[in-house]
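The values are calculated or read from the model by the stated rules, or taken from the named source; none is laboratory data. This structure is a prediction, so every number in the text was calculated from the model and none was measured. Heads up, the Cβs are rebuilt from the backbone with ideal geometry, glycines too, and the neighbour counts pull from every protein chain shown. The area values use the complete protein model at the heavy-atom level, side chains included, leaving out ligands, DNA and RNA. Shrake-Rupley method; radii C 1.70, N 1.55, O 1.52, S 1.80 Å.
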Amino acid sequence: MTTDHRIGPPHVGSERETLRAFLDYQRATLAMKCEGLGDEQLREKSMPPSTLSLLGLVRHMAEVERAWFRRVFEDAEAPMVWSDKIDFQAAYDASRSTRAEAFAAWEAEVENSRRIEREAASLALTGHQPRWGEDVSLRMVMVHVLLEYGRHNGHADFLREGVDGTVGA
C-alpha cells in the first residue's frame, strides 16, 4: 500500500466535527485500501463462493451513501446506483466494473452526502428512511454510515492482503 495520507479526527471537537472527521477518515481508509491497484486487482474475489472484492465494496458504499443521505434527506424515490430495486447486494458484483466507473459513482455520492450534512442546521435534522418507514436524525445516519464503513473496511483489509499476496505471511 502507499503512504497513509488520512487526516485523523480531532482529539477535542464538537460532536458534529468529530462525526464528520471520523466519517471522512473511514472514507479515506477505503480509498487507501484500493490505492495502486488496477481494475483486475480490484475485482479479485476473496474466495469461493464469495463474490466480495474491493471494487464491489466501493460500489456498495456508493449505494450506502445514496440510501442514507440522498434517499433520506432529499429524494426517497432516488434510484439506487446499480439496481432497479433496493438491492444492496447487486453492487457487490463488480465483474464488469472499472475503477473509474466505481470511484466516480462513490465520490459523487460522498460529495452529495457531505453537502447534505454541511447544509443541515443541526444533527437533529430528521428525514424519512423509506426502507424502515421511520424518521431518523442526521446524527443517527452519520453514525450508521460510519459503522458501515468500519465494518466494510475490515473486509477491505482482508481483501487487500489477498491481492498483495500477504495472507498467511
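Looking at region 14-119, the accessible area is 47 square angstrom per residue; that uses a 1.4 Å probe and ignores ligands, DNA and RNA.
Translational diffusion of the chain was estimated from the Stokes-Einstein equation, with Rh taken as the Kirkwood radius over Cα pairs; at 37 °C and 0.692 mPa s the coefficient is 198 µm²/s. A helix-only calculation puts the chain at -17000 deg cm²/dmol for mean residue ellipticity at 222 nm, using -39500 (n - 2.57) for each DSSP H run of at least four residues, averaged over all residues.
Here region 54-120 is described by how far its Cα atoms reach on the three principal axes: 37, 23, 13 Å, from widest to narrowest. Split the accessible area of the chain by element, probe 1.4 Å, and carbon with sulfur accounts for 53%. Among F73, F103, the sequence by solvent-accessible area, most first, with a 1.4 Å probe is F73, F103. For region 77-151, the spherically averaged projection of the C-alpha convex hull amounts to 5.8 nm². A probe of 1.4 angstrom, applied to the heavy atoms of all protein chains, finds T51 with accessible area near 80 square angstrom.
For the pair D39 and D4, a Förster radius of 22 Å applied to the C-beta separation gives a FRET efficiency near 0.40, rounded to the nearest 0.05. In percent, rounded to a whole number, the relative contact order of the chain is 27, using alpha-carbon pairs under 8 Å and six or more apart.
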